[in-house]
Amino acid sequence: MRFVVLLVISTTFLPASFAQAIYDFQLETPEGKTVSYSDIKGGNLTVIDFWATWCKPCINSMPKLVELSNEYNEEVVSFIGVSIDSPRNLSKVKPFAQTVGVTYPVLLDTDQQLMQDLSITVIPTLIIANAKGEIVYVHEGFAAGDEILLKEEIDRLIKHSEIRINEIT
């Protein structure tokens, strides 16, 4: 009986533990280049936005995220866009990103494997990972004003990481 109980407990908690960190994934860009997470992650924080060209809240959030990304040094906070568009819609991803002025890397998760691995079920979903790859913030959906909350959270996390760095040195 103990074995069964332990099995149920470990099965229940395993998926949540996997969703707590970003692994060094590799995805293609719209240009066909394979890029790994370790190549483009930020020094302190990495903001990863999961979106699709057909998603209205995504369309509304992206210009705000572009503005926000321009406020931070890429070495401290990097932004990554992850399109979950299917192979049928891939031709729309690059023009859409250019139209809204995306200057940060855009990657393609056409089979939605990364999204599944991170237990993301809603788009847009934005996650923030720290330098260790630990997910420290998750935001689902988008409404007007969410960009303000996101900026406040990024600033808080930067300040927190600076305090921890100062405590160590």
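The values are calculated or read from the model by the stated rules, or taken from the named source; none is laboratory data. Worth saying up front: this structure is predicted, and the values here are computed from it rather than measured. A quick note on method: Cβ atoms are made from the backbone with ideal geometry, for glycine too, and the neighbour counts reach across all protein chains shown. Calculation scope for accessible area: heavy atoms of the full protein, side chains included, ligands and nucleic acids excluded. Shrake-Rupley method; radii C 1.70, N 1.55, O 1.52, S 1.80 Å.
Miscellaneous remarks
- Sequence of Glu140, Glu75 when ordered by accessible area, the most exposed leading, probe 1.4 angstrom: Glu75, Glu140
- Tail beyond 21 Å, pair distance distribution of the stretch 17-119 (Cα, percent): 31 percent
- 12 Å beta-carbon shell around Ser61, net charge (K/R +1, D/E -1): -3
- On a per residue basis, the stretch 45-137 carries 45 Å² of accessible surface, using protein heavy atoms and a 1.4 Å probe.
- Across Lys33/Lys92; Lys56/Lys159; Lys64/Lys132; Lys33/Lys132, pairs whose alpha-carbon gap is larger than 22 Å: Lys56/Lys159; Lys64/Lys132; Lys33/Lys132
- The accessible-area ordering, largest first, of the residues Asp24, Asp49 stands as Asp24, Asp49, per a 1.4 angstrom probe.
- Sorting 37-46, 129-138 by average packing, meaning the other beta carbons within 10 Å per residue, from highest down gives 37-46, 129-138.
- Charge tally in the Cβ shell below 9 Å around Gly42, where Lys, Arg are +1 and Asp, Glu are -1, Gly42 excluded: -1
- The mean of 1/r over all distinct Cα pairs in the stretch 55-169, once inverted, gives the Kirkwood hydrodynamic radius of 15.3 Å.
- Overall, the accessible surface of the stretch 56-169 at a probe of 1.4 angstrom is composed of carbon and sulfur to the extent of 52 percent.
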